[in-house]
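Shown next, in structure tokens, is the structure this report addresses.
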Amino acid sequence: MGRDAACQPRVPPAPSSLALGQLCKMNKDAQMRATINQKLIETGERERLKDLLRAKLIECGWKDQLKAHCKDVIKEKGLEHVTVDDLVAEITPKGRALVPDSVKKELLQRIRTFLAQHANL
């Protein structure tokens, strides 16, 4: 390879039709999510879902479990050595795992009902 070829910028290969199809599907999915989210906001359903989730998580002890986990992480690492970002990164996986399936199912059912009622999205 000559010196000139090494200095040329590399041009990425053109995407295949499969890759373009996947990009289009991802774009359509993102548009659909944005439309649904906008409708949830406009109708006030998003806030009602958030309030329901908050109440269910408190009711099942999730909030207390996560609070205790935060305290454990801070004790383990030392207050001076933990940033908020570190704490969030540490507790997020456990927080998601601790959400009871019954709460997830109830929220999913509420969203499905909402979508069925607003099928013209």
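Just a few scattered comments:
- Any chance Gly78 is modelled with pLDDT under 90, among the small types (Gly, Ala, Ser), over 30 Å from Asn120 (Cβ atoms) and surrounded by fewer than 10 Cβ atoms within 10 Å (Cβ to Cβ): no
- The residues of the stretch 90-105 that are surrounded by 15 or more Cβ atoms within 10 Å (Cβ to Cβ) and in contact (Cβ under 8 Å) with a residue 24 or more places away in the chain, listed by number, are Ile91, Gly95, Leu98, Val99, Val103.
Conditions tested, residue by residue: (1) open to solvent by less than 60 Å² (accessible area, probe 1.4 Å); (2) at negative phi; (3) at pLDDT 90 or above.
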{"site": "Ala6", "(1), (2), (3)": "no, yes, no"}
{"site": "Ala19", "(1), (2), (3)": "yes, yes, no"}
{"site": "Leu23", "(1), (2), (3)": "no, yes, no"}
{"site": "Met26", "(1), (2), (3)": "no, yes, no"}
{"site": "Ala30", "(1), (2), (3)": "yes, yes, no"}
{"site": "Leu49", "(1), (2), (3)": "yes, yes, yes"}
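- Residues in the stretch 110-121 that are without any contact (Cβ under 8 Å) to a residue 60 or more places away in the chain and either part of a helix (DSSP H, G or I) or touching a helix residue (DSSP H, G or I) at 6+ places or on another chain (Cβ under 9 Å) (or both): Arg112, Thr113, Ala116, Gln117.
- Residue list for the stretch 37-89, filter: hydroxyl-bearing (Ser, Thr, Tyr) and without any contact (Cβ under 8 Å) to a residue 40 or more places away in the chain: Thr83
- Within the stretch 37-58, the residues that satisfy the criterion of being acidic (Asp, Glu) and within 25 Å of Asn120 (Cα to Cα) are Glu42, Glu45, Glu47.
The values are calculated or read from the model by the stated rules, or taken from the named source; none is laboratory data. Computed from a prediction, not measured in an experiment: that's the story for all the values here. Reconstructed Cβ throughout: ideal geometry from the backbone, glycine too, with neighbour counts over all protein chains shown. Accessible surface areas use protein heavy atoms only, side chains included; no ligands, DNA or RNA. Shrake-Rupley method; radii C 1.70, N 1.55, O 1.52, S 1.80 Å.
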